[in-house]
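The values are calculated or read from the model by the stated rules, or taken from the named source; none is laboratory data. Since the model is a prediction, treat every value here as computed from it, not as a measurement. Using ideal geometry, Cβ is built from the backbone for each residue, glycine included, and neighbour counts are taken over all protein chains shown.
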Amino acid sequence: MAFEEFEPRALPASTTRLCTAVPEGPPGAIFVLAAEGGYAAPAGECAVRFGRGRDAVQVAVGVRDPYISRLHGVLSCEGREWWLRNEGRLPIHLPGDTMVLSGRRLPLAAGYTPLLIRTPRKIAYLLEIYVVSEQVEYAGTDAPVLSVHSDSYPLSEHERLVLVVLAQRYLRQERYPHPVSWKQVAEDLNRVSQSRDWTPRAAADVVDAVRERLSFGDSGAAQGSVLNHQLIRSLLQNTALLPSDLHLLDEETLPPGAPAQV
């Protein structure tokens with residue numbers, strides 16, 4: 001096929017998996033493939049939508065699963081760079097421990113990228129993406145194996161407040177997020193909370209209690225910030241924490257925090 005004739009088109013479900021075959025297309029073209037078929041489009045003013053609303057998207061994903069949003073995500077092109085935006089509620093997972101949270105977006109690298117959407121029922125939906133680079137190279141890799149420890153993570157108002165402060169770098173979608181230090185957690189809580197008695201130990205006790213209640217304590221030799229990292233990612237995975245929770249760091253919209261005990 002001449003590349004100047006490359007037009008947006010649907011891909012049948014029988015299309016060879018993108019991790020095993022490099023598609024042919026002009027630089028910047030994108031190929032998107034799910035279990036029921038996919039879509040290919042050149043770079044330019046176009047977008048590829050995916051989700052369970054078969055009639056409203058180019059790539060159907062989880063069409064019978066109510067946990068998948070009707071429009072779960074959009075792949076849009078700016079110049080020759082493709083961006084992934086999460087329009088759904090559940091996070092979209094990329095390789096390398098990266099998540100795109102609801103309402104956030106991330107640029108996609110050239111080559112092969114597997115995306116996973118995992119539901120509270122522990123069903124994972126794979127979406128394969130291949131962006132044609134200037135020099136096409138095979139970058140196949142298996143989709144990551146993800147795990148979820150609980151289907152439901154209820155949080156009280158003061159627990160949510162402490163966890164949002166602890167997880168604020170994740171919620172802001174920083175590239176290499178890590179939990180905020182307990183000292184910083186206490187300082188931020190005392191800045192925004194109606195109760196000004198927070199200490200590092202009191203904040204840590206709240207998080208420890210959440211971890212214990214959610215049966216998240218079995219983490220082998222993990223400790224300290226590693227435990228917090230694992231807990232935060234599981235809360236994000238199950239949408240117990242959302243980027244919209246960052247509004248709690250605004251003093252004018254903050255619910256009361258629990259008084260801390262030394």
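A few points about this structure:
- Residue list for the stretch 170-199, filter: within 14 Å of GLN230 (Cα to Cα) and surrounded by 15 or more Cβ atoms within 10 Å (Cβ to Cβ): TYR170, PRO177, PRO179, VAL180
- Total residues in the stretch 78-106 satisfying the condition of being part of a loop (DSSP other than H, G, I, E, B), crowded, with 21+ Cβ neighbours inside 10 Å and touching a residue at least 40 places away in the same chain (Cβ under 8 Å): the figure is 3.
- Subset of the stretch 17-39 [in contact with a Ser or Thr (Cβ under 9 Å, 6 or more places away or on another chain) and in a strand (DSSP E or B)]: PHE31, LEU33, GLY37, GLY38
- Per the conditions (1) of a type in the set (A, V, I, L, M, F, W, C); (2) at pLDDT 95 or above; (3) within 23 Å of ALA13 (Cβ to Cβ), the sole criterion not satisfied by ALA34 is (2).
- Members of the stretch 60-77 that are within 28 Å of ARG172 (Cα to Cα) and outside any loop (DSSP other than H, G, I, E, B): GLY73, VAL74, LEU75, SER76, CYS77
- For GLN168, the test of being within 24 Å of ARG104 (Cβ to Cβ), of a type outside the set (Val, Ile, Thr), outside the structural domain of VAL100 (by TED's automatic domain parsing) and modelled with pLDDT under 90 is failed.
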